[in-house]
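See structure below.
Each value in this text was obtained by applying a stated rule to the coordinates, not by laboratory testing. This structure is a prediction, so every number in the text was calculated from the model and none was measured. Cβ placement follows ideal geometry from the backbone for every residue including glycine, while neighbour counts extend to all protein chains displayed.
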Amino acid sequence: MEFMSNFSKFYNKRFILVVSLCLAFILNRPHFSAAYTLADRLNFQSSIVDHRSRLNPNYKKVRRKQTKYIIVHTSELGLKMTLRVVLKGKRLRNSGTTDGGHTHYVIARNGRTYRIVDKKYEADHAGLSMWNGETDISKISIGIELVGYHYAPITESQYRSVGILVDILQGVYGLDDREVLTHSQVAYGKPNRWFRKNQRGRKRCARNFIREKAEVGPTWTYDPDVKSRRLLADLQLAEIYYGQREYYAKTDDANLVTKINTAWSIAGEDYDSQTTVYKFPGGQIYTGDQISDKIGWDRIPAKTVVMLNQENSISLIKSDDPIKTISDRLTAWSFAGQAYNFKTTIYFMPSGQMRVGSMISDWDDLPAKTKLIVGYRGPFELHKGRSAYQIAGKKYKDRKTIYYLPPKKLVAGDKINDFKGLPKGTLIFLPDT
């Protein structure tokens, strides 16, 4: 009987959804995209993973009085940390933490979608925000987090999922495509060293979101709050959203400091946070809260890599060990960037499997504790007729010469004392220079 009761509930919910979608078609609402069929929407709805029960119990559920916008974000993290932060809370500058509930939906790199907060409640996802004169956009919007970075490409699977999800939400709330915005469009910041007044640019997330790929129509042709002089323009974001359409699709080296790519244009309000890491071309590592006193913001060298959300990961980033380890917070993109899928990036899985980057479908698919080396060629097998010296020459003892000792041990050349005692099947990897 209990089975029949549950089946009946499921059937009724599905029937109601079908009827609702059919009525929307009958009424010819403009928000339904021709790219997605009724079956697409139904299959997507049934595939959503429900994480609402995992929310921080301190999260206070407040019913949203109206829904005027859908806000798209990039999480600036991998999937595990994204889910942890939006469900349980994030660390604040004063060392406190929030109560979670930071989005309604999370979309993983493979397109899998997670429900975090019921869409009828408010989620604290937009923070200090303004659009067309209205502030506190979280109270009047739905938030969607795309797992990934604003300086790395969004996957095709994510575009399909977010497209269907937006399409469904537009049908529920009667929203048009201009009411789908990104966080970097609506966020604003208070005066700082780059701006004398309130301005756009506090957040950069989802500046790499290409609307056409999600089957979402064009955005506004101007920023209404800049036009009305409520805010100063952020020139880079203005170019992305209201200038040349191709610009925002280019993510190459977008987290590198250049003459026009400043700490602010990469990190936004987090430019001076202790969880933002600056890795100089020479290898020196500084956190955002150290730059002002130790370096000076106008003296950051070109090609400095800027990494966000690196709480509890500083020691791993500072390590000059060529063997890197993936964790919940440090992904393959953190270490290798665009080279994550190059054949010269080599991965060593916890299971003992070895793969070159060209075999990796996405940087967020790799399990924690996977090790990697970036910019290497090999493997070269060691055997009786072929010594380490014959393979690597005088650099056989070098820290950048990497040895793989079966079954699962990676060691740098300078850590090996007995080269004659290396086990059978030892492999050598050499820097690709």
Order by protection proxy (mean Cβ within 10 Å, highest first), peptides 115-123, 90-98: 115-123, 90-98
Estimated FRET transfer efficiency when R0 is 35 angstrom, pair residue 97-residue 293 (beta carbons, to 0.05): 0.85
Dipole magnitude (debye, nearest 20) for the chain, charges at Cβ of Lys, Arg, Asp, Glu: 860 debye
Among 56, 419, 287 the positive-end extreme of the charge dipole of the chain (Cβ point charges): 419
For the chain, alpha-carbon Rg and Dmax in angstrom: 24.5, 79
Derived scalar couplings ³J(HN,Hα) [the range 93-105; Karplus, 6.51 cos²θ - 1.76 cosθ + 1.60; whole Hz; x for Gly, Pro]: 5, 8, 6, x, 9, 8, 9, x, x, 9, 6, 8, 9
Gyration tensor verdict on the range 119-204 (Cα atoms; rounded if a/c is under 1.5, prolate if a/b is larger than b/c, oblate otherwise): oblate
Whole-number Å³ per residue for the convex hull built on Cα positions in the range 48-143: 107 Å³
Karplus-derived 3J(HN,Hα), 6.51/-1.76/1.60, for each residue of the range 113-120, Hz, glycine and proline x: 10, 10, 8, 9, 10, 4, 4, 7
Lys/Arg +1, Asp/Glu -1 at C-beta; the range 107-163 dipole; positive extreme among 128, 114, 148: 114
Radius of gyration and Dmax over the Cα atoms of the range 257-311, both given in Å: 9.7, 27
Distant-in-sequence amide H partners of residue 148 (H built 1.01 Å from N, under 5 Å): 75, 76, 77
All-pairs alpha carbon distance profile, the range 375-431, 5 Å steps from 0, percent: 5, 21, 38, 28, 8, 1
Cα gyration tensor shape of the range 276-433, rounded if a/c is under 1.5, else prolate or oblate by comparing a/b with b/c: prolate
Calculated from backbone phi, Karplus (6.51, -1.76, 1.60) coupling profile of the range 374-379 in Hz, x at Gly/Pro: 10, x, 10, 10, x, x
When each of 80/279; 369/409; 68/119; 90/213; 119/213 is checked by Cα-Cα distance, pairs over 21 Å: 80/279; 90/213; 119/213
Nonlocal amide H pairs with residue 132, under 5 Å, H built at 1.01 Å: 225
Helix-derived mean residue ellipticity, 222 nm - over the chain, DSSP H n ≥ 4, -39500 (n - 2.57), to 500: -7000 deg cm²/dmol
Rg ratio (alpha-carbon, reference 2.2 N^0.38 Å) - the range 32-249: 0.97
